[in-house]
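Notes for the one structure printed next.
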Amino acid sequence: MTATADVLEVARFSTIPEAELAASFLQQHGVRAWLPDRDMATMNPDLLFAIGGVRVVTTTAQIVEARRIIARMRAGEFIDQAEESGEWLIDYKPGKVGDLEDHEIRGVMGSAKKAGVVVIVLFFVVFPLAGCIVTALSG
């Protein structure tokens, strides 16, 4: 394990996925990078703003290279030509799902979902309300 004194911050990101992508990108380029704040940010995402985002860190020996790669990444040097041309996009061709009528579309659970809604409404709305009315009338 690397000593705390040998670890420096490469960059900060506002979300965990951005930081994960940056760390993976650095690792792909031979830089050992990780997120020391990942656990805290996952358990308490509301604190991300308070701590200033998610840090990506590396060792002091690789910090110059890591910061150079992140700067190039933010400048857009690694954008693929296919991304700019849109060649990677999938053409939408409607199939059976697009041809269905509204009455043919069912949820994943169908009648079980409807029965669940009825039970929830009965137990959490109708029965408590009926109990309050009976108590008020008998009192």
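The values are calculated or read from the model by the stated rules, or taken from the named source; none is laboratory data. Worth saying up front: this structure is predicted, and the values here are computed from it rather than measured. Cβ placement follows ideal geometry from the backbone for every residue including glycine, while neighbour counts extend to all protein chains displayed.
Mind listing just one residue for me: the one in segment 1-21 that is assigned to a helix (DSSP H, G or I) and in contact with a Leu (Cβ under 9 Å, 6 or more places away or on another chain) and, of those, farthest from R72 (Cα to Cα)? First the steps, then the outcome.
Initial filter on segment 1-21 (assigned to a helix (DSSP H, G or I)): 4-6, 16-21.
Filter once more, so that each one left must be in contact with a Leu (Cβ under 9 Å, 6 or more places away or on another chain): 16, 19-20.
Numbers: I16: 20, A19: 15, E20: 17 Å.
Among them, the one singled out is I16.
Residues that are under 23 Å from the mean Cα position of the chain (by Cα) and modelled with pLDDT of 85 or more: find the helices (runs of 4 or more DSSP H) completely inside segment 28-79 holding 1 or more of those. Step through it out loud before you land on a result.
Numbers: elements: 38-43, 48-51, 63-75.
Result: 38-43, 63-75.
Could you tell me which numbered condition Y92 fails, if it satisfies all but one of (1) modelled with pLDDT of 80 or more; (2) part of a loop (DSSP other than H, G, I, E, B)?
Y92 satisfies every listed condition except (1).
Within the set of pairs 6+ apart or on separate chains, which have a first residue in segment 106-129 that is surrounded by 10 or more Cβ atoms within 10 Å (Cβ to Cβ), a second that is at pLDDT 80 or above and not aliphatic (A, V, I, L, M), and C-beta atoms under 9 Å apart?
Between residues of segment 106-129 that are surrounded by 10 or more Cβ atoms within 10 Å (Cβ to Cβ) and residues that are at pLDDT 80 or above and not aliphatic (A, V, I, L, M), the close pairs are M109/G116.
Are there any pairs, at least 6 apart or on different chains, whose C-beta atoms fall under 7 Å, with the first in segment 56-72 and assigned by TED's automatic domain parsing to the domain that holds E9 and within 11 Å of L26 (Cα to Cα) and the second outside any helix (DSSP H, G or I) and polar (S, T, N, Q), and if so, which?
Listed pairs, sorted by first residue: A66/T58.
Among the residues of segment 49-72, write down those that are more than 16 Å from E9 (Cα to Cα) and of a type in the set (A, V, I, L, M). Explain how you work it out, then say what you get.
As a first pass, look at segment 49-72 and keep what is more than 16 Å from E9 (Cα to Cα): 49-50, 72.
Passing the criteria: only A50.
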